[in-house]
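K.L.:
Mind looking over this structure? Questions follow.
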Amino acid sequence: MGIDGSVLGLLTATFLASAVEMVEALTIVLALGISRGWRSTLVGAGAALVALAAVTAVVGVALVDSVPESLLQLIIGSLLLVFGLQWLRKAILRSAGLKDLHDEDEIFRSESEAARAAGTQRRAGLDWFAFVVSFKGVFLEGLEVVFIVVTFGLNARSVGLAAAAAAAAAVVVLVTGVLARRPLSRVPENTLKFAVGLLLASFGTFWAVEGLGTFSDAGESLEWPGGDLALLGLLALWIVASRAAVLTLRAGATQPETQRSG
Amino acid sequence: MRYLATFGRFWWDFIAGDDWRVAAGVLVALAVGALLTATSIASDAVVAMVATAGIVGAVAVALFTRAGPR
């Protein structure tokens, strides 16, 4: 797999990851905007986006300027692995019916109720509750995307491209949400999380193992058997392993009922 | 001190997620890979396969002995 494969993976993973996280952030912003008013809510969301851009710049520059290549691969790969496996674990459990699906409508209802019940405190001319909750919602949902953008972008030497893919997804989700004026509950979140989890786990495994070369005498990246083609093998491995896990967990979850009915 | 604890808690939740055993398993698998690399007792291919098997195994253990919230 050459540069094109890496760039395609970069664009797909960052776009999908950003889209999923923005769907969740949009639910919070919509609930606050409709319940408490739009000005403070949008100021909070905008401040969070500025903070996320600042974190992207600081973390990106700090990693590039101060870390050798193989160690950078190890850090990048490990972060992607941990994030990717979190997404994959939840997607597998949801596909197997062992964890509730993310219900944007229910979250929208509970966020709206909490927003209406909260008292009013004004600071700097803003509804402070709407500002803080909107800021936290967008910042926390976006922070994982920032790390995905930085890590993928650094390895493909294109943080700008990764950031553009993430920003495009955010625009698509936000525009769709504003036009619909309701949470995007029909977006197949679990399928998207499954896809992102598989991509992050594959790239993460690839780069983290390459980065283990930092512990060798030469300090150079390890070589995968088959070179970059190993990435496709890893993707296939994660797809097969996660599918097997879903089927096994699903069978295990239904087995007690079968035994009882039998 | 309270802010430090909150800060630490945030990063723990961010990195470890719902099931800390996945992150711990990744750490152990990569540590074994690092040990094999540092001692030069295995080829790159063997290190890659051992580390990958360890990572997949860590996820499997976490999934089939679930302790985290559903």
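K.L.:
Give the residues of region B:24-35 that are facing another protein chain (nearest Cβ under 8 Å) and either crowded, with 21+ Cβ neighbours inside 10 Å or in contact (Cβ under 8 Å) with a residue 40 or more places away in the chain (or both), sorted by residue number.
P.N.:
B:Val26, B:Leu30, B:Gly33
K.L.:
Would you confirm whether any residue within region B:41-56 is facing chain A (nearest Cβ under 8 Å) and in a loop (DSSP other than H, G, I, E, B)?
P.N.:
no
K.L.:
Give A:Leu93, A:Leu52, A:Leu42, A:Leu10 a once-over and let me know the one that is hydrophobic (A, V, I, L, M, F, W, C), in a helix (DSSP H, G or I) and touching a Lys or Arg at 6+ places or on another chain (Cβ under 7 Å).
P.N.:
When all the criteria are applied, what remains is A:Leu93.
K.L.:
Just a yes or no: is a residue in region A:21-39 in contact with a Gly (Cβ under 7 Å, 6 or more places away or on another chain) and of a type in the set (Val, Ile, Thr)? Outline the logic, then answer.
P.N.:
Looking only at region A:21-39, we keep the residues that are in contact with a Gly (Cβ under 7 Å, 6 or more places away or on another chain), and these are A:21, A:25-26, A:28-30.
Subset that is of a type in the set (Val, Ile, Thr): A:28-29.
Yes: one or more hits.
K.L.:
Whether any residue in region A:101-120 is at the interface with another protein chain (Cβ under 10 Å from one of its Cβ atoms) and out of contact with any Asp or Glu (no Cβ under 9 Å at 6 or more places or on another chain) is what I want to check.
P.N.:
Looking only at region A:101-120, we keep the residues that are at the interface with another protein chain (Cβ under 10 Å from one of its Cβ atoms), and these are none.
So far as region A:101-120 goes, no, none of its residues is at the interface with another protein chain (Cβ under 10 Å from one of its Cβ atoms) and out of contact with any Asp or Glu (no Cβ under 9 Å at 6 or more places or on another chain).
K.L.:
Quick check on my filter: what residues within region A:213-242 are over 25 Å from the mean Cα position of the chain (by Cα), within 10 Å of another protein chain (Cβ to nearest Cβ), assigned to a helix (DSSP H, G or I) and not β-branched (Val, Ile, Thr)?
P.N.:
A:Gly213, A:Phe215
K.L.:
Follow-up. Could you list, in sequence order, the residues of region A:133-158 that are over 16 Å from the mean Cα position of the chain (by Cα) and surrounded by 16 or more Cβ atoms within 10 Å (Cβ to Cβ)?
P.N.:
A:Val133, A:Ser134, A:Phe135, A:Leu154, A:Asn155, A:Ala156, A:Ser158
K.L.:
Within region B:33-40, is even one residue assigned to a helix (DSSP H, G or I), within 22 Å of A:Leu231 (Cα to Cα) and among the aliphatic types (A, V, I, L, M)?
P.N.:
Filtering region B:33-40 for residues assigned to a helix (DSSP H, G or I) gives B:33-39.
Filter once more, keeping what is within 22 Å of A:Leu231 (Cα to Cα): B:33-34, B:36-37.
Okay, now just the ones that are also among the aliphatic types (A, V, I, L, M), so B:34, B:36.
Yes.
Since every read-out is calculated from the coordinates, none of them should be taken as a lab result. What you see is a predicted model, and the numbers here were worked out from it, not measured in a lab. In this analysis, Cβ positions are derived from the backbone assuming ideal geometry, glycine residues included, and neighbour counts consider all displayed protein chains.
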